[in-house]
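Undergrad: Got a structure here, written out as structure tokens. Questions coming.
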Amino acid sequence: MFLVLEKFLMLLPKKLRRGFFTALGFIAYKTSKRYNKVVRDNLKFIYGDDVSEKFIQDVAKASFKQLALNLLHTMEIRHYSMQELAKNVSFVNDEVIKKAKEQNRPIIFITAHYGSWEFAGAMLGAMREPFLTVYTKMKNKYFEEYVLSSRSKSNMEYIERSGATRGLVKRLRAGGTIAVLIDTNVNKKEAVTVDFLGKPTGQVKSTAYLARKFDAAIIPTLIHTQDDENFVIKFYDEIIPPKTDDIEHDIKVSTQMQIDWLSKEILKSPKPWFWLHRRFKNDYPEIYQS
């Protein structure tokens, strides 16, 4: 039934199709008490209890809308060519990639669930640099196959999270490129504590470790839009961490530098970030309790 609906939606004009998914996001915002609470809990945790109700509602609406539009982009990637989709995409600061390639260094793109992340991954892989990324196994195996079939349309390869380190190491050792979402919840055993959005939080340290081991360029990347129709994929300047004899210290500093970049971008423009995710549940489970 879902695939039949998809075929019907893909027959609609783009603006009408986008309007349908925008409405879908609004309906979800109006009906999902559970995830509205997650957004509220996250915002109060980061901004304090005196955060305005209007701000909470505006961010919640944007979060549900963005989730719906990511599903739309997943569908469109399955049905359109990469060249056609790229007509509405521009890239900023390509020079940082060019420099790393000239130096024959592997690349680690760090990014986040920010804006149209599914679309960003497809365009990055298809139009700039093929890469390997990690995905988390989904509860619904049919939807997992559906999402992965969309991602495979671009020059994106993927590996399941459990045991992914070997694949990432192999790709970087060969001088290739990987992309890592650095805003996901992590197992404390795999984390280093840094300040994320002003709160001490467990953060994945694999990007820092791999960059050090393989002299890889850490290039932050996000997608931005003003109208949900035209997109800019921005490559930020390379993060250059220290490299001393104190490896543990350097890994923590590198991780903090990466998360400082992301925190700055989220606080500058919070609406595109995925506030629906219980990002802090491992470190602060009490904030999500009823």
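Bear in mind these aren't lab numbers, they're just calculated from the coordinates by the rules spelled out. Please read these numbers as outputs of a predicted model, since none were measured by experiment. Quick reminder, even Gly has a Cβ in these numbers, built from the backbone with ideal geometry, and neighbours come from all protein chains shown.
Undergrad: Per DSSP helix of 4 or more residues, -39500 (n - 2.57); summed, then divided by the residues of the chain. What does that give at 222 nm, rounded to the nearest 500?
TA: Working: 11 runs with 145 residues, N = 290.
The per-residue figure over the chain is -16000 deg cm²/dmol.
Undergrad: Here are labelled values, [x] 52, 42, 37; [y] 56, 47, 34; [z] 54, 45, 43, and one is the computed Cα extents along the principal axes in Å for what I pasted. Which one?
TA: This structure yields the entry labelled [y].
Undergrad: Pick out, in residue order, every one of the trypsin sites (Lys or Arg not before Pro) in the stretch 124-206 that is DSSP loop and has at most 16 other C-beta atoms within 10 Å; say none if there are none.
TA: Values: sites: 128, 137, 139, 141, 151, 153, 161, 166, 170, 171, 173, 188, 189, 205; in loops: 128, 137, 139, 153, 161, 205.
Counting only loop positions with at most 16 other Cβ atoms within 10 Å, the trypsin sites (Lys or Arg not before Pro) in the stretch 124-206 are 137, 139, 161.
Undergrad: Another one. How charged is the neighbourhood of residue 144? Take every other residue with its Cβ under 10 Å from the Cβ of residue 144, and add Lys/Arg as +1 and Asp/Glu as -1.
TA: +1
Undergrad: Just the number, please: percent antiparallel of the DSSP beta bridges in the chain, rounded to the nearest 5. Numbers along the way, then the final one.
TA: On the way: 13 of 33 bridges.
DSSP beta bridges in the chain are roughly 40 percent antiparallel.
Undergrad: While we're on this one: What is the Cα centroid distance between the stretch 104-133 and the stretch 241-290, reported in whole angstrom?
TA: Between the Cα centres of the stretch 104-133 and the stretch 241-290 lies a distance of 19 Å.
Undergrad: Roughly what would the spin-label model give for residue 81 and residue 282, points 7 Å off Cα along C-beta, in nm?
TA: With each label point 7 Å from Cα toward Cβ, the separation is 4.3 nm.
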